[in-house]
Structure formats: structure tokens, C-alpha cells
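A short worksheet on the structure shown next.
The values are calculated or read from the model by the stated rules, or taken from the named source; none is laboratory data. This structure is a prediction, so every number in the text was calculated from the model and none was measured. Heads up, the Cβs are rebuilt from the backbone with ideal geometry, glycines too, and the neighbour counts pull from every protein chain shown. What goes into the accessible areas is simple: the full protein's heavy atoms, side chains included, and nothing from ligands, DNA or RNA. Shrake-Rupley method; radii C 1.70, N 1.55, O 1.52, S 1.80 Å.
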Amino acid sequence: MSRLGLRLLALAYLATILVAPLVIVFWRTFEDVGAAWDALSAPDTIHAFKLTLLITAIAVPVNTVFGIVCALAIVRRRFPGKGLLNAFIDLPLALSPVVVGLSLFLLYGREGWFGVWLGRHNIQFLFALPAMIVATIFVSLPFVAREVIPTLREVGDEQEQASRTLGAGGWQTFWRITLPSIRWAVIYGVILTTARSLGEYGAVAVVSGRIQGQTETATLRVEEQYEQFNLPGAYAISIVLALMAIVVLVAMTTIRPKETA
Amino acid sequence: MSIVVRSVSKRFGDFVAVDDVSLEVEGGSLTALLGPSGSGKSTLLRIIAGLEWPDSGEILLSERDATALAPQKRNVGFVFQHYAAFKHMTVRDNVAFGLKVRRRPKNEIRERVDELLNLVQLHGFGDRYPAQLSGGQRQRMSLARALAPEPQVLLLDEPFGALDARVRAELRDWLIRLHDVVHVTTVFVTHDQEEAMEVADQIAVLNHGRLEQVGPPRELYDEPASKFVMTFVGDANVIDGALVRPHDVELLTEPDEAAMEAMIVRVTILGRDAKVELHDDGGAEIVALLTRERFEELDLWRGQTVWVRPQRERVFTT
């Protein structure tokens, strides 16, 4: 009886916190399908989604390669500063994205360390794609490394040693042995990185300048529509974002099989 | 293909794992590195394979200096205690691995893999994954995998250590037969002296990173070079500060000048032998191994007082 009660409580809690907001957004959107469609088909909205996908398409591979290299360094190598690196990987999880955005602002702004150099070479960094990509890479950095590190530890390095004695060099061993044995961790990390990149708001909001049709991502577009009291538009864009996230999450749960090997 | 180890040393921090070891392994021989845990036997094997670097000394493979060669350039086969099976590959792909990285033609690979799967009696298991095999089968698979690229040297690190006694004995016999068919120079590491005696034609005994003695099993048993070898290879009694093998302890039922009085505390019949355990007047334990005939002839019983006369005593200064 008490177990049943506990279960109901947990379900009710999840329903209130997670499901209800999603349901209400869906419901509101379908109240006014015409307005929702108008908002979605507006050129600025389409541009915003394209921009979000472009940033994600760049941030995810960069973080995947970085995450795998980092994990390999932390698990397989000994070097000074290893503990520090391990700790720093988690920094983006601990730091508010707004702070990340502001620090990029300081670093790359007209007076910043890198900003002076960029200005001299006429490179537009802030309020443009480069800053938005760097901000997104920063906030979605830990996921691949955090997934891969424990798996790499668990797998151990005997298979890699066996591969070496069988005549495989470093690269061959990585592609044929190491990568296949951590592949599910990598895929899982990629999915989390993707979800995080798609949904990034705070850091990008600070560094993008939010120029409609230029540096406005999908999440920024939601906020913009909301502020202009175009609620059906805000809801509709939110729904597409939510659906993308759901697809990613479903992919994550179905893709990870019970391995026979 | 011979192996020469020349004054090799290796430390891990303060721990001296291998201490100035020199050893020659003849081409085609089957050599055991025998010693207790921490004696440096596995480290020495890994140095030969290139999986560890020596701090000093040289490794020669087929008379060529291999000290600085990466493991993938040494052409050695290595078998790990815990198999190191490639879990994401089928048995067939595991065995084919060394041939694939050498980019051999596909049909040649297929033929060689079939041949090896037959040799290790795993035909019909080619499409399984390592997780679907028993421990013994997995170890046979890794043996086939190690043999596939036709290595000049086969190195096995406690290959039967993770298996139960029956499978262990089976694989042991099988390794001897395999070595008769595939005359590859083989070195295996074990802490089990019986295993070393049974399988190897040459044994190198290691203790605390130092080489104590090298020789054929019989020589090690009959002419041990040190106290450690005498006690580690076979059993030994300590009588008056000298070491005596149990079958060199003669028992007399009558008093004798050169004999010491002792009381029988336990008698065990071991097939054709009888093991008699005794206590001398100081309470020290002595074990005597007698043939059944001798045992019946003497008509010994528990609690009886007898006289112990050591036959071949050995005194070691080290």
C-alpha cells in the first residue's frame, strides 16, 4: 500500500514538473493552428532553425573529438595537470550559461584580450556566428568525455595491448579496438551534446546580439515572439524544439541495446 | 627463432620488478618462467613482448636487437591470462585480426582462420561472440588469434590461471601437443611448479626479480642451485639445517647411529606412494615419501617410533 502510494506520488510529481508544461504548450499551439503555422513559416523563424542546426552541426563534432581525446588522455595517460583537466571538464555544468556568455563578451569584446587582435584583423566575432558557436561548444563540452571516461576505465587496456602485439599500430588500434568498445558511450554522449546544443539559450543570448534573421537561434526566437505577445508563434516554435528533443531522447533509449558481445 | 635477454632490469617506483636478468631461449623450445607472485616473471614476459620498456638491458629476437621496437613490430604472439578477447568481434574476426591489419588477401585470411579454428577445435564457433564461449574456449580462441600471423615467438602470461582445475589440465596437455605441431618458440609464465614441470622443456626460476636457475625440469629438481629453487620446485624437509626431498628420507624401524628418532603422526596412501608425516623429538615436522612396497615391508603405523636417515642432504649458503 505504501509502495503504491510512493509510486503515485513520484508519478504525480513528474507529471506536474515535466509533463504538464509540455502538454499545455502542445494544447495552446493547436488552439490556433493558423497563427502557429504563420509563425513557423515566417522566414525569420526558418532562418532561426537553420542557424540552430548549423551551430549544433559544428559544436557536436568538435565536442565529440575533444571529448574522446580528453577521455583517452585522462584514463590512459599520465601527465602533470591531469587532475586539473578532469576537474575543468565539469566547469560548464557548474557555471551558469549567462556567466559563460559574459566572460566571452569580456574576452572577445573591443577591449578584451582577443578582441583587440580580432578588431585589428577586421574579424567579426561577437554578434556573429563564431561567438555563438564558441558559446555552444563551451556549454555542451562535458557530455562526451563524461560518458566515455567510465566506459574506458571499465574496458581496460588489455584489448589494446593485444591489438598491438598482433601488429596493429596506434591508429589501427584506436579505430578497430578502442572506438568500437566505447561506441555506445560515444553515441550517448553525442545525443546529450546534441540536445544541449539545440536548447542552448543563456550564453548564446548574451553573445549573439539577437539580430532577427541573422543571429537569432530557435530558442532566442521563442523568447522574441513571446516578448512581442505573439504567443501562438512562441508556442509553435517551442513545440518544434520540444519535438526535436523528444526525438533525440527516444533515439537515445532505443539505440542503446542490450549488447550480446 | 631464439630469444636473448641480456641484463634486463625494470623498476616500478621503488619496487624492483626485474633485477639484472639474463636468459637465453633456444629457437623452438618451450620455456616456463616460474616464480611466486611479485617475482617479476610477468614483467619479464611483457618486456620481451614490448608491452613494457626495460630501464636497462637488451632484448634480442632471432639475434636482432629488438629493445627499441614497438610491440607491433616484434612479430610476437601474446596470450593474456584474462584472454583480452575483442568483445565486439566474432571468434572468426578475433582470429583474423592480425592478418587483417597486415592487409593479407581475403581468401588467404579465410583459409588461415579456418585452419586455426580447426587446430584449436573451435570450428563451428566462428560466428559466436567471445561472451558466448566458456573460459577454456576463449583462451583457445586467443591462442589461435596469437598464432594467426605466424609469430616468431609465442608468449603466454599465466594462460591457464583463470580456469578451473580440470580445464586447466586439459589445456596444458593440449598446449604440449600444439607445440609439437607448431614448432614456435614458446615462453609461458606460471606460478605453478607442477605446470612448469609438466609442460616445459626448460624452466627459468625467478624470485624477487632475480633469476635463480635455468635448466630442464629434471635438473632443477635433482640439482637445485639454491634453497629457493629446492623448496619452490618440489617439496623439501629441513633436517638439521639441511634440505632433503621427501623421497630421500629413509625410515628405519631399528635404532641407527646416523639416524634420528621420530614419531609417525600421520600416514596417507597416495596411489603407488605412501606419505608418512613425522615429528622429531623437537616437534619439527618431517615428511617422508615411500613406495608402497617399502611401506608394506616396514609395516608402519601411526604413533610408531622410527629412525629417520636422510639420504641426499643439501646445504645451501644462499
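Structural remarks
- Net charge dipole, region B:268-310: roughly 140 debye, given to the nearest 20, about the Cα centre with Cβ charges of +1 for Lys and Arg and -1 for Asp and Glu.
- Candidates B:208, B:61, B:89 compared by Cα position along the dipole of region B:3-228: farthest toward the positive end lies B:89, with charges placed on Cβ.
- Scoring A:166-177, B:234-245, A:234-245, B:99-110 by mean Cβ neighbours within 10 Å over their residues and listing the highest first yields A:234-245, A:166-177, B:234-245, B:99-110.
- Counted charge near residue B:249, where neighbours are those whose Cβ lies closer than 15 Å (Asp, Glu -1; Lys, Arg +1): -4
- Our Cα-only numbers for region B:148-263 put the radius of gyration and Dmax at 18.5, 66 Å.
- Contact order, relative form, for region B:3-228: 30 percent (alpha carbon pairs under 8 Å, 6 or more residues apart, mean separation divided by residue count).
- This model, with +1 at the C-beta of Lys and Arg and -1 at the C-beta of Asp and Glu, gives region B:10-168 a dipole about its Cα centre of some 880 debye.
- The residues of region B:3-228 present an accessible area of 43 Å² per residue when probed at 1.4 Å with all protein chains retained.
- Accessible-area composition of region A:1-81, carbon plus sulfur, in percent [1.4 Å probe]: 75 percent
- On full extension, the segment bounded by residue A:158 and residue A:90 gains 21.6 nm, given 0.36 nm per residue less the C-alpha separation.
- Take each residue in B:77-89, count the other chain C-beta atoms within 10 Å of its C-beta, and the mean is 5.
- Share, in percent, of DSSP beta bridges within chain B that are antiparallel, nearest 5: 70 percent
- For region A:74-126 versus region B:76-104, the gap between their alpha-carbon centres in whole angstrom: 43 Å
- Buried solvent-accessible surface, both chains (A, B), 1.4 Å probe, Å² to nearest 100: 2000 Å²
- Positive-pole candidate from A:61, A:203, A:230, dipole of chain A, charges at beta carbon: A:61
- Sorted on the mean count of surrounding Cβ atoms within 10 Å across their residues, most packed first, peptides A:194-202, B:139-147 read B:139-147, A:194-202.
- For chain B, with +1 on Lys and Arg beta carbons and -1 on Asp and Glu, the positive-most of B:4, B:197, B:71 along the dipole: B:71
- The mean number of Cβ atoms from other chains found within 10 Å of a Cβ in peptide B:66-74 is 3, as a whole number.
- Note on A:150-157: average number of Cβ atoms from other chains within 10 Å of each residue's Cβ is 1.
- From the alpha carbon centroid of region A:1-59 to that of region B:127-148 is 50 Å.
- Sequence-separation-based contact order of region A:84-152, relative, with Cα cut under 8 Å and 6+ spacing, percent: 37 percent
- Summed side-chain charge close to residue B:50 - residues other than residue B:50 whose Cβ falls under 10 Å, Lys, Arg +1, Asp, Glu -1: +3
- Hypothetical label at residue A:251: residues of region A:202-244 whose amide nitrogen lies under 17 Å (7 Å Cα-Cβ projection): A:240-244
- Dipole magnitude (debye, nearest 20) for region A:132-261, charges at Cβ of Lys, Arg, Asp, Glu: 280 debye
- Global form of region B:69-113, assessed from the alpha-carbon gyration tensor, a/c cut-off 1.5: oblate
- Mean-position separation - Cα centroids, region A:185-260 and region B:200-228, in angstrom: 69 Å
- Efficiency of FRET from Cβ geometry, residue B:110 and residue A:62, R₀ 45 Å, rounded to 0.05: 0.65
- Global geometry of chain A, whether rounded, prolate or oblate, following the gyration tensor of its Cα atoms and the 1.5 cut on a/c: oblate
- Over all Cα atoms in chain B, the spread is summed up by Rg and Dmax: 23.7, 78 Å.
- Long-range HN-HN contacts of residue B:212 with modeled amide H, under 5 Å: B:205, B:206, B:207
- Spatially near lysine pairs across chain B, Cα under 25 Å, sequence gap of 8 or more or different chains: 11
- Around residue B:281: net Lys/Arg minus Asp/Glu count, Cβ-Cβ under 13 Å: -4
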